[in-house]
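To start, the structure itself, in structure tokens.
The values are calculated or read from the model by the stated rules, or taken from the named source; none is laboratory data. Predicted, not measured: the structure shown is a model, and the values here were computed from it. When we count neighbours, we look across all protein chains shown, and the Cβ atoms used for this are built from the backbone with ideal geometry, even at glycine. For accessibility, only protein heavy atoms count, side chains too; no ligands or nucleic acids. Shrake-Rupley method; radii C 1.70, N 1.55, O 1.52, S 1.80 Å.
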Amino acid sequence: MPPQDGATADFVVVANRLPVDSVTHPDGSHEWVPSPGGLVAALSPVLAQHHGCWVGWPGTTDDSLSLEPFRTDSGILLHPVSLSAADYAEFYEGFSNATLWPLYHDLIVQPIYQRSWWSAYRQVNLRFAEEVAKVASPHATVWVQDYQLQLLPGILRQLRPDLRIGFFLHIPFPAADLFRQLPWREEIVRGLLGADVIGFHLPSYANNFLTLSRQISGAAGSHTGQPDELTVYGKAQIRKPDAAIVAPDGRRVQVAAFPISIDLSSLGHPTAEDISAIRRKLGNPDTIMLGVDRLDYTKGILQRLQAFEQLLEHETLDPDQTVLVQIATPSRERIKQYQQERARVEEAVGRINGRFGKLGQPVVHYLHRSLPKAELAACYAAADIMLVTAFKDGMNLVAKEFAAMHPDGSGALVLSEFAGAAEELSHAHLCNPHDLESVKRAIFNAVYSLSHQPEDAGRRMQALYQQVHTHDVNLWANSFLSFLTDHSQGGMS
Ligand code: ADP
Ligand code: G6P
């Protein structure tokens with residue numbers, strides 16, 4: 001249903017991506033498909049509930065696409081913002097994903113600092129801010145999402161001082177010593193300080209930001225509160241008072257941690273038949289291991305495959321009774337490091353199957369595509385052991401989705417210490433993905449606990465399920481939004 005001309009909204013979410021991507025098929029037909037990533041997975045149910053407006057890019061540089069706002073079946077008003085082919089190359093692939101992404105993920109690959117990319121980042125942030133300024137009602141609440149739009153709060157504050165502005169970062173925030181490499185560090189910090197509240201997943205990320213803003217002269221004013229006084233919202237207990245920064249224009253900007261989570265109901269409920277159908281297709285092995293990730297070098301997919309290979313090689317795992325299913329969503333495919341990662345992953349899959357597979361019986365089942373939610377949910381439910389081995393991950397919703405699909409306490413989770421989720425999901429088999437022995441040990445422990453210590457395994461999974469069940473995405477969104485209402489100087493009360 002198209003909105004009336006000039007429709008505005010009291011609640012606006014702005015993210016680089018809309019929750020749907022426009023796809024044009026080779027035969028010229030067109031469809032909207034769900035867009036990838038944890039940000040979209042978490043925010044879609046929140047927006048549907050608030051009947052808000054989502055401002056974002058429709059995932060294509062096809063300039064023949066109509067950019068008229070439209071409503072989704074779940075009632076979200078989508079307000080598309082176009083990116084040209086040059087914006088895509090410089091703002092999206094360049095500054096967002098070849099400068100900020102590796103910098104914020106602790107330099108797993110070397111960030112590239114390029115002035116023309118920075119200029120594109122500024123221009124695209126300005127364009128998004130102008131669109132939000134058009135669509136937001138007087139005194140509306142605007143919730144800005146993620147690293148692609150860090151200048152937007154500052155620009156929007158100037159365009160529309162009446163708005164209540166929140167910002168949430170979906171990826172880690174690095175230590176100040178790393179961040180200070182960025183030639184445009186002051187501008188980014190000043191951009192963020194346009195918000196009333198800046199939210200991070202973990203207190204450690206928020207602390208990094210507070211430390212940084214203290215160090216950067218001219219970016220920020222004075223501070224109140226100590227980093228160790230951070231509150232974690234959306235957790236059972238609220239710890240201590242908040243930390244705040246006084247921005248150059250005199251506003252108090254609150255900095256806090258809000259661990260994101262999932263919407264348990266949106267995954268669906270696979271039946272026993274769905275689950276046994278998957279197990280049958282995989283040859284009814286004793287143990288099904290599962291990896292589900294965007295194909296990103298931060299996720300440690302190659303290292304997980306190497307650990308699996310070595311466990312087969314040393315006969316710790318039996319190739320006749322074990323399979324690994326790796327579902328990898330295509331991501332950022334023109335960026336060199338993503339191409340390299342894909343080549344290495346696919347080479348390892350081929351090698352492992354060549355060494356340990358049999359005719360009609362591969363040990364690794366590899367899919368390089370996105371799956372519909374219901375199918376993915378059935379894979380989670382059918383899997384015995386989920387492998388999440390990210391080198392660094394803001395939160396990692398996949399780990400929470402797996403836990404959510406095992407309410408009966410079946411299964412086991414192998415989880416990287418460097419995924420934000422490890423803080424809440426401490427009953428997982430934690431591992432250090434930089435140490436292959438540690439990954440192998442965690443996989444072995446997970447297998448062993450399922451076969452030899454079923455009660456302990458059950459207790460662990462029940463604890464993980466309870467954590468996710470009681471800390472869902474609604475708690476995250478409501479915690480952030482009510483905190484924003486209580487702490488904003490602009491916007492409606
Ligand atoms: P990121 O945001 O870095 O991609 P997360 O683990 O936080 O990582 O979130 C990934 C989201 O994308 C999850 O909701 C997951 O279900 C979804 N997802 C990942 N891989 C696939 C896939 N192959 N098919 C469908 N959904 C996927
Ligand atoms: C992560 C980021 C999101 C991003 C998603 C998918 O979840 O935090 O901002 O949208 O990955 O990445 P893409 O580059 O495809 O938007």
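See the values below:
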read-out	value
Per-residue SASA entry for Glu68, accessible area with 1.4 Å probe, Å² rounded to 10	120
Residue (of Ser204, Thr141, Pro36) at the positive-pole extreme of the chain, dipole from beta-carbon charges	Ser204
Modelled FRET efficiency - R0 60 Å, Leu126 with Ser426, Cβ distances, 0.05 increments	0.90
Nearest-20 debye value, region 267-363 charge dipole, Cβ charges on Lys, Arg, Asp, Glu	440
Of all accessible heavy-atom area on region 1-64, the percent that carbon and sulfur account for (1.4 Å)	51
Extended-chain gain in nm, criterion 0.36 nm per residue less alpha-carbon gap, Tyr113 and His434	113.0 nm
The chain - share of DSSP beta bridges that are antiparallel (%, nearest 5)	25
Efficiency of FRET from Cβ geometry, Ala7 and Val246, R₀ 51 Å, rounded to 0.05	0.90
Region 265-470, accessible area per residue, ligands and nucleic acids excluded (1.4 Å, Å²)	42
Alpha-carbon centroids, region 168-203 and region 115-149: separation in whole Å	16
Calculated from backbone phi, Karplus (6.51, -1.76, 1.60) coupling profile of region 391-407 in Hz, x at Gly/Pro	5, 6, 8, x, 10, 5, 6, 4, 4, 6, 5, 4, 4, 5, 8, 10, x
Heavy-atom accessible surface of region 265-470: percent carbon and sulfur, 1.4 Å	49
Farthest toward positive dipole pole in region 277-334 [+1 Lys/Arg, -1 Asp/Glu at C-beta], among Thr287, Ala277, Leu311	Ala277
Under-5 Å amide H pairs with Ala136, H placed in peptide plane, nonlocal only	Ala9
Region 265-470: antiparallel DSSP beta bridges as a percent of all, rounded to 5	5
Kirkwood-Stokes translational diffusion coefficient of the chain, alpha-carbon pairs, 4 °C, 1.567 mPa s, µm²/s	56
Members of Lys392/Lys440; Lys281/Lys358; Lys281/Lys400; Lys336/Lys400 lying beyond 20 Å, as alpha-carbon distances in this model show	Lys281/Lys400; Lys336/Lys400
Residues of region 119-145 with amide N under 19 Å of the 7 Å Cα→Cβ point at Asp63	120-121, 123-128, 131
Nearest-20 debye value, region 265-470 charge dipole, Cβ charges on Lys, Arg, Asp, Glu	660
Within region 135-151: backbone nitrogen closer than 20 Å to the Asp162 label point (7 Å, Cα to C-beta)	135-144
Residues whose placed amide H lies under 5 Å from that of His365, excluding near-sequence neighbours	Leu324, Val325, Gln326
5 angstrom amide H check on Ala412, placed H, neighbours 5+ away	Ile385, Met386
Integer Hz, Karplus 6.51/-1.76/1.60 couplings in order for region 471-480, x for Gly and Pro	10, 9, 5, 5, 4, 4, 5, 5, 4, 5
Using a Förster distance of 35 Å, the FRET efficiency for Asp106-Gln310 (Cβ separation, nearest 0.05)	0.90
Stretch gain in nm, segment Ser266-His452, where the contour uses 0.36 nm per residue and the Cα spacing is subtracted	63.6 nm
Positive-end residue of Gln215, Ala328, His368, charge dipole of the chain with Cβ unit charges	Gln215
Zone of Asp177's modelled label, taken as backbone nitrogen in region 92-124 under 20 Å from a point 7 Å along Cα→Cβ	102-111
Simple Cβ-charge dipole of the chain, Lys/Arg +1 and Asp/Glu -1, about Cα centre, in debye nearest 20	760
With DNA, RNA and ligands ignored, accessible area of Ser426 (1.4 Å probe; Å², nearest 10)	70
Carbon and sulfur %, accessible surface of region 78-216 computed with the full protein complex present, 1.4 Å	50
Span from the region 459-488 Cα centroid across to the region 32-53 one, whole angstrom	17
Stretch gain in nm, segment Phe70-Gln340, where the contour uses 0.36 nm per residue and the Cα spacing is subtracted	93.4 nm
Rounded, prolate or oblate (a/c below 1.5 giving rounded, otherwise prolate when a/b exceeds b/c) for region 265-470 by Cα gyration tensor	rounded
